[in-house]
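Heads up: the structure comes next, in structure tokens.
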Amino acid sequence: ILNVEQSPQSLHVQEGDSTNFTCSFPSSNFYALHWYRWETAKSPEALFVMTLNGDEKKKGRISATLNTKEGYSYLYIKGSQPEDSATYLCAFNSGTYKYIFGTGTRLKVLA
Amino acid sequence: GAGVSQSPRYKVAKRGQDVALRCDPISGHVSLFWYQQALGQGPEFLTYFQNEAQLDKSGLPSDRFFAERPEGSVSTLKIQRTQQEDSAVYLCASSSIYPGGEGGSAFFGQGTRLTVV
């Protein structure tokens with residue numbers, strides 16, 4: 001059974017703080033790791049697709065790193081803003097069409 | 001539309017009632033998926049279509065669940081004789097290619113929140 005875990009489950013940060021959270025996934029049969037941001041009442045929005053060990057991707061104030069050998073990815077948000085409040089989901093893909101999702105990290109940025 | 005559209009957004013069903021959830025994928029997208037997200041859990045795979053062919057229905061929880069995509073575009077997820085444990089958010093996603101690697105992220109709809117009372 002493939003298990004994808006995210007931590008923390010939820011966190012509150014003050015506006016301007018930087019934060020990060022973790023996605024752990026199986027280190028075998030790795031093909032891709034996807035990060036999604038899911039704001040309330042909206043569709044999950046794709047942030048990053050990561051495929052190479054050591055990869056680092058950036059989109060504005062958000063960046064992500066990937067370690068496929070040890071099976072983890074970090075998502076960083078620099079200078080959090082209230083509009084960053086959302087659930088951040090990671091999804092592991094082993095080369096099939098299925099995504100194995102984590103349970104998400106719920107971020108609340110306090111103004 | 002520009003994105004994946006799902007309807008209804010919310011559905012309250014009495015236990016035992018049949019429901020039908022609709023998904024309009026992005027035009028031209030070959031692949032279509034249904035996922036179920038129970039409270040406090042991550043989305044879990046239900047079924048996969050490539051055009052009109054249902055290639056994988058291994059995630060459907062029981063024979064009360066049925067999905068179709070007869071013309072390779074719009075898809076319907078039907079749940080017969082709903083039970084309380086069917087209460088969840090049902091997400092539909094589509095992608096233009098076999099999803100997974102670079103450029104292969106699936107696009108999701110907003111979901112349908114089903115509550116069975």
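Here is the size of the protein assembly as shown from its Cα atoms: Rg then Dmax, 17.5, 51 Å.
For the protein assembly as shown, the share of DSSP beta bridges that are antiparallel, to the nearest 5, is 90%.
Here the Karplus relation 6.51 cos²θ - 1.76 cosθ + 1.60, evaluated at θ = phi - 60°, turns the backbone of the stretch A:91-101 into coupling constants of 9, 8, 10, 9, x, 9, 7, 7, 9, 10, 8 Hz, with x for every Gly and Pro. Which residue fluctuates most in the GNM of chain B (Cα springs below 10 Å): B:40, B:59, B:16? Greatest mean-square fluctuation among the candidates belongs to B:40.
Under a cut-off of 20 Å between alpha-carbon atoms, report the lysines in cross-link reach of residue A:78, not counting same-chain residues fewer than 8 places apart. By straight Cα distance, residue A:78 reaches A:57, A:58, A:59, A:108.
Residues in the stretch A:54-94 near a label at residue A:7, defined as backbone nitrogen under 13 Å from the 7 Å Cα→Cβ point? Correct set: A:72-73. Relative contact order of the stretch A:67-111, taken over Cα pairs closer than 8 Å and 6 or more residues apart, is 40 percent.
Between residue B:52 and residue B:10, full extension at 0.36 nm per residue minus the direct alpha carbon distance yields a gain of 12.5 nm.
Could you work out the relative contact order of chain B? I mean the mean sequence separation of Cα pairs under 8 Å and 6+ apart, divided by the number of residues, in percent. Spell out each step's value before the answer.
Working: 299 pairs, mean separation 42.6, N = 117.
Rounded, it is 36 percent for chain B.
Mean sequence separation of contacting Cα pairs (under 8 Å, at least six apart), scaled by the length of chain A, corresponds to a relative contact order of 38 percent. Cα convex hull, the stretch B:1-107: 104 Å³ per residue, rounded to a whole number.
Since every read-out is calculated from the coordinates, none of them should be taken as a lab result. All values derive from a computational prediction rather than experimental measurement. All Cβ positions, even for glycine, are placed from backbone atoms using ideal geometry, and neighbour counts span all protein chains on display.
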